[in-house]
Amino acid sequence: MKVMTVIGARPQFIKAAVVSRAFRNHRPDVQEVIVHTGQHYDANMSEVFFEELDIPKPDYNLGIGGGTHGQNTGRMLEKIEDLMISESPDWVLVYGDTDSTLAGALAASKLHIPVAHVEAGLRSFNRKMPEEINRVLTDHVSTLLFAPTSTAKQNLIREGVEEKKISLAGDVMYDATLFYKEMAKKPDSIDENFGNPEGFVLCTIHRAENTDHPARLEGILNGLARCAKPVILPLHPRTRAKISGFGLSFPENVTVIDPVGYLEMVWLEKNCAIVATDSGGVQKEAYFFQKPCVTLRDETEWVELVEAGWNRLVGADSLLIENSLRGFETPGSVFDLYGNGDSAFNVVSLVR
Ligand code: UDP
């Protein structure tokens with residue numbers, strides 16, 4: 001059986017790493033063909049993950065990145081369709097909510113190739129987010145929908161997706177954390193004692209809803225400045241460009257570094273005192289490492305983290321950011337909100 005995996009962005013490499021390994025370990029009957037759309041193309045946003053996480057080299061790299069959403073999705077569709085016709089896969093596997101996800105799902109569904117969507121059913125209920133459009137459309141053309149949480153499953157049922165297509169599979173990012181956490185590596189760019197004794201804030205910012213609005217970026221930077229803790233900020237190239245384009249500057253307590261590989265990121269998550277992020281994946285990883293998370297958004301798809309008391313939604317409000325980063329009480333204990341580490345096995349078992 002042939003499975004074509006379409007990936008293109010950082011979080012998809014991490015998710016695909018564990019699923020691809022599960023195919024190799026548990027499904028000798030499957031030939032996986034990996035298509036990298038090229039959506040993320042900087043070495044530290046792409047290559048490093050293939051090397052560090054032992055992902056097989058992509059069979060195809062389409063080199064499509066850097067355009068607008070419409071340009072990227074359109075160009076991907078055309079090239080992916082050609083590949084699907086020549087490779088004729090039995091299944092197409094897509095992850096998450098990027099333009100690469102939508103292009104893979106749409107091209108496959110028009111060719112009547114069944115689509116399996118890993119991380120189905122997540123909703124922010126904010127249709128201004130490009131990710132929300134990508135998720136909703138992908139879910140509705142998919143044949144097999146792997147929901148990471150029961151909330152995600154309920155979202156799909158509410159939208160009329162047939163229950164028999166949905167599998168509550170757990171979250172493959174939890175599998176990734178379990179597999180790679182002992183391999184965590186300190187980033188070379190920071191000192192072993194960074195942030196001691198009070199600990200440091202680990203911050204990431206990349207969502208368009210923040211990066212495209214100077215007032216929001218300014219609110220976040222002011223909140224970080226006022227929290228009076230050292231902050232480490234591995235910065236997405238787009239955010240860096242926007243901050244300088246808007247004439248904003250980084251506060252003194254913020255150490256900006258280039259994006260790091262996953263093993264370095266895991267080290268930062270393990271060693272920080274608290275996380276501030278607008279990333280989906282990083283919110284969950286904070287929980288996996290039992291770190292409180294201050295979410296720089298107005299809503300989250302991972303509502304169970306807020307309900308559990310580990311995550312606070314603070315938007316771009318500098319006062320709320322400051323207060324939350326000074327520390328907030330968490331319940332102390334964590335539960336298996338995201339499965340028990342066998343999500344990738346669940347995924348590869350059902351793609352038949
Ligand atoms: N990540 C990383 N290096 C970084 C920042 C993030 O390896 O410099 C990892 C992070 O640990 C998580 C994933 O990238 O596993 C999250 O990706 P991102 O925040 O780009 O996307 P989202 O999860 O919001 O879709």
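No lab work stands behind these numbers, since they all come straight from the coordinates. Bear in mind that the values here come from a model prediction, so they are computed numbers and not experimental data. We place every Cβ from the backbone using ideal geometry, glycine too, and count neighbours over all the protein chains shown.
Evaluation of VAL94 against the conditions (1) over 17 Å from the mean Cα position of the chain (by Cα); (2) crowded, with 19+ Cβ neighbours inside 10 Å; (3) not in a loop (DSSP other than H, G, I, E, B) shows that the sole unmet condition is (1). Exactly one residue among ASP171, ASP139, ASP99 is among the acidic types (Asp, Glu), free of Cβ contacts under 8 Å to residues at least 24 places away in the same chain and buried (at least 20 other Cβ atoms within 10 Å of the Cβ), and that residue is ASP139. When restricted to residues that are over 18 Å from ARG326 (Cα atoms), among the small types (Gly, Ala, Ser) and more than 8 Å from the ligand (Cβ to nearest atom), segment 242-298 contains 4. A single entry from SER333, SER318, SER343 fulfils the requirement of being among the hydroxyl-bearing types (Ser, Thr, Tyr), in contact with a helix residue (DSSP H, G or I) (Cβ under 9 Å, 6 or more places away or on another chain) and away from the ligand (no atom under 16 Å from the Cβ): SER318. Just checking, does segment 305-315 include any residue being among the charged types (D, E, K, R) and buried (at least 17 other Cβ atoms within 10 Å of the Cβ)? Scanning segment 305-315, I find at least one residue that is among the charged types (D, E, K, R) and buried (at least 17 other Cβ atoms within 10 Å of the Cβ), so the answer is yes. Which residues, counting only those in segment 79-91, are under 22 Å from ILE133 (Cβ atoms) and either basic (Lys, Arg) or exposed (fewer than 14 other Cβ atoms within 10 Å of the Cβ) (or both)? Correct list: LYS79 only.
When segment 145-178 is limited to residues that are in contact with a Ser or Thr (Cβ under 6 Å, 6 or more places away or on another chain) and assigned to a helix (DSSP H, G or I), the one that is nearest to LEU263 (Cα to Cα) turns out to be ASP175. Entry remark, segment 26-71: residues being in a loop (DSSP other than H, G, I, E, B) and exposed (fewer than 14 other Cβ atoms within 10 Å of the Cβ) number 7 in total.
The set of residues from segment 214-253 being over 23 Å from the mean Cα position of the chain (by Cα) and closer than 26 Å to LYS181 by Cβ comprises LYS229, PRO230. Every condition in (1) crowded, with 18+ Cβ neighbours inside 10 Å; (2) assigned to a helix (DSSP H, G or I) holds for TYR338 except the one numbered (2). Scanning segment 219-233 for residues that are within 12 Å of the ligand (Cβ to nearest atom) and without any contact (Cβ under 8 Å) to a residue 40 or more places away in the chain turns up just one, LEU233.
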